[in-house]
């Protein structure tokens, strides 16, 4: 298959991918920050500074996405990642596609 | 007639007459009815190789032709066992594709007849339930003390702490919505199950935010007895924040 691409496509695709990865890292940082906050090992002042830093990171990411016109590209990469993780989990938990949800009523012994 | 050629197969049916279907299929060749001991294979002569194309449009058009041939066969024979798009029977071991196909029909005869019997006069219906969490959420929020307390706490905190608490609130809301979706799923599943013969739960598809598909079902039911399902779906569609998509009747692709 011939791949047609110009500089603009390449830049948008690459930038979209980079920002999607930055967002995933930001999400991980958020989870860690919440765990620390809940764990009680931080003072209120430390929690506040951590929150402000993450807030600034949010603003920077949103600004970059808008400025570079890659909001859609980032969303698409993240949806692709979500689908990939979904199918990985599905593959690990139900490799033969025989989870109960695929069973028919008759197979479940349910009378209709 | 058939030598080094392959046979593209659309569906199987029960019958005793080998009349052609008077239409052309995927490759522009006449669609034939190949009879073998009371079973009919609806086929078209083609090259003995897989149907492949890198062009999505070519594949999508092919799929539509496949479906329309199965539809026409379904109308003629009432009950069909549809095949997935892209199945080609090849000549092998010195036998033509037609001989191979008949051999397979012979070997699997009992199981194929059993499947056709199970699908007799039945059709597949698609049911998708979509909800708008923004409409359902106020009800959840109203009854949840943890959410209410957290919302109050956020207002009294400095902005960095409030930011983190808002994230925590978002996680709790997400969890509550998932729980609610699960409860609705079980309720709707039960209600729909009582109106159909068989159900397959399919993967949900992505909707335009904020809407989300919470249920995607393929249902098998007698064509003449689908009114009950229609009525139940109408009731579900009337619940505030929910939409129901109901499609069909289709040949029973998901149950073949």
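All of the numbers you see were taken from the coordinates with simple rules; none came from a lab. Please read all numbers here as calculations on a predicted model, not as lab measurements. Neighbour counts are summed over all protein chains in view; Cβ atoms, including those assigned to glycine, are modelled from backbone coordinates with ideal geometry.
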- Query: In degrees, nearest 10, range 0 to 90: what is the angle between the Cα axis of helix B:159-193 and the longest Cα principal axis of chain B?
  - Reply: 40 degrees
- Once you have the Kirkwood Rh of the protein assembly as shown from its Cα pairs, apply Stokes-Einstein at 25 °C and 0.890 mPa s and quote D in µm²/s. 97 µm²/s
- Residue of B:125, B:189, B:163 that the Gaussian network model of chain B assigns the largest fluctuation, springs spanning Cα pairs under 10 Å: B:163
- Inter-part gap, Cα centre of the stretch A:1-59 to Cα centre of the stretch B:193-256, in whole angstrom, is 38 Å
- Ranked packing of B:206-214, B:11-19, most packed first, by mean Cβ within 10 Å: B:11-19, B:206-214
- Give the value in nm², to one decimal: projected area of the alpha carbon convex hull of the stretch B:6-119, averaged over all directions. 7.0 nm²
- Between helix B:97-107 and chain B: long-axis angle, C-alpha atoms, 0 to 90°, nearest 10: 70 degrees
- For chain B, diffusion coefficient by Stokes-Einstein and Kirkwood Rh (Cα), 10 °C, 1.306 mPa s, µm²/s: 73 µm²/s
- Task: Take the alpha-carbon centre of the stretch B:128-184, take the same for the stretch B:39-69, and report the distance between them in whole Å.
- Result: 49 Å
- Task: For the stretch A:11-97, state the semi-axes of the equivalent ellipsoid (square roots of 5 times the eigenvalues of the alpha-carbon gyration tensor), sorted largest first and rounded to whole angstrom.
- Result: 28, 23, 6
- First check a/c for the stretch B:90-168, with a ≥ b ≥ c the square roots of the eigenvalues of its C-alpha gyration tensor; if it is under 1.5, answer rounded, and if not, answer prolate when a/b is larger than b/c or oblate otherwise. prolate
- Evaluate the relative contact order of chain B (contact order divided by residue number), counting alpha-carbon pairs under 8 angstrom at least 6 apart; express in whole percent. 22 percent
- Would you compute, from DSSP H runs of 4+ residues alone, the mean residue ellipticity of chain B at 222 nm, taking -39500 (n - 2.57) per run and dividing by the full residue count, rounded to the nearest 500? -14500 deg cm²/dmol
- Message: Using the Cα atoms of the stretch B:122-255, I'd like the radius of gyration and the largest Cα-Cα distance, Dmax, both in angstrom.
- Response: 18.8, 64
- Message: As I understand it, the value is the acute angle between the Cα axis of helix B:145-155 and the longest principal axis of the Cα atoms of chain B; what does it come to in degrees, rounded to 10?
- Response: 60 degrees
